[in-house]
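Read through the structure below, which is laid out as C-alpha cells, and then see the notes.
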Amino acid sequence: MQLSIVIVNYRSANYIIDCLSSAFKFASAQQYEWIIVDNHSQDHSRQLITAQFPMVHWIDMGYNAGFARANNQGIRQAKTSMVLLLNPDTLIIDDAIENCMLRMQQNQECIAAAVQLLNPDGSPQITGNFFMKGGLNHLLPLPYLGAFLRKIAFAANVKKTNVQRAGIAEKADWINGAFLMVKQTAIDKAGLLDEDFFLYAEEIEWCSRLGKYGILMVFGDLFTTHLQGESINSATNSADKGYFNLYDKKGLQLMVSNHVRIRKQFGVGWFLVHLLVFTFEIPLFFVCSFFHHLLRLKNPLSQWQLIKQYTKNVFILWQLSPVIVANTPHFYKMF
C-alpha cells in the first residue's frame with residue numbers, strides 16, 4: 001500500500017458515496033488506504049458510507065475541526081509514503097488517482113501534485129496557482145476597487161496568478177486543496193497544515209512551505225470533476241460557488257482566512273496593507289454603488305444590505321487583528 005486518501009466529511013455522505021463510487025470503478029482503488037475524517041456531522045454519514053464501503057478507516061473528530069485539523073488527523077494515521085487530500089464533492093475520471101501517484105513516484109523533485117480539475121460541464125477549473133507579492137490578488141474580490149485594480153494589472157501586463165488550463169506537467173506555487181497529493185517525506189520537512197485555519201487558504205500557506213523542499217505540479221492531461229463549494233455552501237446557506245463572496249458567513253470566513261494567510265506568509269506589513277484597503281472599501285463601496293445605480297435610474301440604495309454586511313465582516317476582522325498580528329495560536333472559526 002503506497003497511498004492514503006483522506007476525505008473530510010461534514011454532512012456530505014451522498015457526495016462521498018458518489019466520490020468513492022467513481023474511484024472504485026478502477027481496480028487501483030482497492031490498493032489505497034481510505035480514511036474518512038468526520039467533523040462531528042451528527043447524522044447518519046458513517047452508516048451510509050460504511051454500508052457501501054466497509055473498508056474505509058473512520059475517524060471521529062468529536063467537533064467541527066475544519067479542513068486543516070481534520071486532514072492533519074488523517075495524515076497522522078496514514079500508513080503510506082504518499083497522501084492525497086480529496087474533497088467529498090469530487091468525481092474521479094480515468095483512474096486519475098493512480099496515474100497521478102505513478103508520475104509522482106517517477107519524479108523525485110515533485111513533492112506535491114494535482115490533476116486538472118473540471119467543472120461539471122467539463123470546462124477547466126483553476127487548479128494551479130502562482131503567488132503574487134504580498135498576496136495583492138486578494139484585493140480583486142473587492143467591489144468596484146477590485147475591478148479597477150484588475151484593469152490596471154491587465155494594462156500593465158502583470159503575470160496571471162493562475163493556470164486556466166494546465167499543460168501535461170505544469171509547475172505551480174500552490175495547488176487547489178480539492179485534490180492535493182503530497183509525499184510524506186515533504187510533510188516531514190515542511191510540517192502539517194497550520195491548525196489556526198478553519199477553512200480556506202490553509203492549503204495556500206501549506207504549499208508555500210512545501211515548495212521549499214521540491215516542486216509542485218499540475219498534470220493537465222489527468223482529470224477529476226470538482227463540484228466546487230457544494231459542501232460548504234450547504235453548511236453556510238450560501239449560494240455563491242466562487243471565492244469572491246465577502247458578505248455572508250462564508251464571506252467572513254474567506255476574508256479572515258485570507259488575511260491570516262497573508263500575515264503568516266508575507267508578514268505584518270502586508271497584512272496591515274490589506275486590512276486598510278478593505279476598510280477604505282467601505283465608503284468607496286457606498287459612494288460608487290449609490291451613483292452607479294442613480295445614474296441608471298435605479299434605486300441608489302439597492303445594495304445597502306450588501307454594504308452593511310461587508311462592513312460588519314470588516315469590523316469583525318478588525319476585532320481579530322491584534323491576535324492575527326501577534327501570530328499567536330488561535331482557531332479562526334467564523335461559523
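Please treat every number below as a calculation from the coordinates, not as lab data. All values derive from a computational prediction rather than experimental measurement. For neighbour counting, all protein chains shown are included, and Cβ atoms are generated from backbone atoms with ideal geometry for every residue, glycine included.
Less than 5 angstrom separates the built amide H of H57 from those of W34, I35, I36, all sequence-distant by 5 or more or on a different chain. What separates the Cα centres of region 176-227 and region 109-173 is a distance of 16 Å. Here is how the number arises for the chain: DSSP H runs of 4 or more residues each give -39500 (n - 2.57), the sum is divided by the residue count, and the result at 222 nm is -13500 deg cm²/dmol. Relative protection proxy for 68-74, 50-56, from highest mean packing down: 68-74, 50-56 (other beta-carbon atoms within 10 angstrom). Rounded to the nearest 10 degrees, the inclination of helix 249-266 to the longest alpha-carbon principal axis of the chain is 80 degrees. With contacts taken as Cα pairs under 8 Å at a separation of at least 6 residues, the chain carries a relative contact order of 19 percent. Normalised by the number of residues in region 1-142, what is the relative contact order in percent for Cα pairs under 8 Å and 6+ residues apart? Reported as a whole number, the value is 29 percent. Taking every Cα-Cα distance in the chain and sorting them into 20 Å bins from zero, the calculated P(r) comes out as 30, 57, 13, 0 percent. With bins 10 Å wide beginning at 0, the percent of Cα pairs of region 172-213 falling in each bin runs 29, 62, 8. Between 0 and 90 degrees, the angle of helix 96-106 with respect to the longest Cα principal axis of the chain falls at about 80 degrees. Here region 1-136 is treated with +1 on each Lys and Arg Cβ and -1 on each Asp and Glu Cβ, and its dipole about the Cα centre works out to around 360 debye. So how tilted is helix 145-155 from the main axis of the chain? Cα-based, degrees 0 to 90, rounded to 10. Between the helix axis and the principal axis of the chain, the angle is about 80 degrees.
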